[in-house]
Amino acid sequence: MGWLRIREMVRKEFIQLFRDRTVRSIIVMTPLIQLLVFGYVVNYDIRNIRVSLIDEAQTRESRLLLDSLTAGGVFTITSIPASVIDMEKLFLDGKADLGIRIPPDFSSLIRRGKTANIQVLADGGMSNMAAVRLAYLSTVVDRFNAGLIHELYNRDLSYGRIDARIRTWYNPNTDSQKFFVPGILAFIIMLISMLLTSIAIIREKEVGTMEQLIVTPIKPLELIIGKTIPYIVIALGQAVVITPLAIFWFDIPLAGSVVDLFGAACLFLLSTLGIGLFISTVSKTQQQAMMTTFFFLLPFFMLSGFVFPISNMPIVVQWLTYLNPLRYFLVIIRGVFLKGVGIDVLWEQYAALATLGIVVFAGAIQRFHKRLE
């Protein structure tokens, strides 16, 4: 093994990388944009629910219900349409998330000790958000009922019921940022390492320098090592930059060990660099390599548990996720960040990641080696 030749190969690769303005922008801007988009824009937090209200009762009880609804600052009454048809138009225009109609006999029924119904409409365009909004509304109505019964009958609903003392561990306020930001670190490592590795090899072929490299004394294995080391350095460097940003900018706690985190990142890079090398062997142009890379990225993203729980997927698809390295890395990175666990707990994920990485990287090297010969 000629380490001097490998060192010169790495140096050439770094010079070639940072000379290209497009590649420079990919290395620097992509992680920042991804981090900001997922950190600030993508979230499921309930903060501002726009309510369209029709209050046909106009009584003290209906006003108490509305005060209870808006007291927390989550619900905001943004429109008061004249009819249900006008309310429907607001839904169609995307100007309301929930619609509430309080009937004229609302207060009279309550005063007679009977059940008073209110009509609640929800925009189900985003079904998951509609379910969360309705659940939040139900909580507010239950609290209002308890207060109303106490006022009317001077009695609390404290008997014969289950009092659930709910506490959410590792993310007490269930903030979306604490769910997404560690995940985006994994996604950026995958995106940059796969994309740049596949493009770098093809670029050599396109400009005709691959033949020059082959006729030099450098051996195929040294060429592969020299080609992949810069991308390992760049991917880990981006992880070094993003991790403090996640901790200090987005206030994501790093409860576990940094060594466990970067150890898992190195194992993850085996798979992503292997896939990048494989793409470079089946592509003829940079555009083809980029398209093939994104062909892999989307399934990896969707089948990783990044957004959608794997347990909700069909059984056959769940089996396919075992071939996805991002699945294991996400479990590790979220476990290290939020739960503070390490390899002693997550050893199965580390073992799967290492096995998958060794198989993929060895297969890619073998194919790349044959192409060079």
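The values are calculated or read from the model by the stated rules, or taken from the named source; none is laboratory data. Worth saying up front: this structure is predicted, and the values here are computed from it rather than measured. Positions of Cβ are generated from backbone atoms using ideal geometry, with glycine treated the same way; all protein chains shown enter the neighbour counts. Each accessible area value is taken on the protein alone, full model and side chains, heavy atoms only, with ligands, DNA and RNA left out. Shrake-Rupley method; radii C 1.70, N 1.55, O 1.52, S 1.80 Å.
Brief remarks follow.
- Residues in region 264-301 that are of a type in the set (Ser, Thr, Tyr) and assigned to a helix (DSSP H, G or I): 271, 272, 280, 281, 292, 293.
- Meets criteria (of a type outside the set (S, T, N, Q), part of a loop (DSSP other than H, G, I, E, B) and within 20 Å of residue 142 (Cβ to Cβ)) for residue 73: yes
- Only one of the listed residues (245, 254, 267) is open to solvent by 10 Å² or more (accessible area, probe 1.4 Å) and touching a Leu at 6+ places or on another chain (Cβ under 6 Å). That residue is 267.
- Among the residues making up region 195-244, a single one is free of Cβ contacts under 8 Å to residues at least 60 places away in the same chain and either touching a His at 6+ places or on another chain (Cβ under 6 Å) or on the phi > 0 side of the Ramachandran plot (or both): 208.
- Considering residues of region 302-320 that are within 14 Å of the chain's Cα centre (by Cα) and assigned to a helix (DSSP H, G or I) only, the residue farthest from residue 200 (Cα to Cα): 310
- Filtered residues of region 339-354 (kept if at pLDDT 90 or above and surrounded by fewer than 14 Cβ atoms within 10 Å (Cβ to Cβ)): 347, 348, 351
- Tally, over region 188-206, of residues that are aliphatic (A, V, I, L, M) and farther than 19 Å from residue 24 by Cα: 0
- Pick from region 68-113, criterion open to solvent by 90 Å² or more (accessible area, probe 1.4 Å) and in contact with a helix residue (DSSP H, G or I) (Cβ under 9 Å, 6 or more places away or on another chain), ranking: modelled with the lowest pLDDT: 111
- Unique match (being aliphatic (A, V, I, L, M) and surrounded by fewer than 17 Cβ atoms within 10 Å (Cβ to Cβ)) among 360, 317, 336, 331: 317
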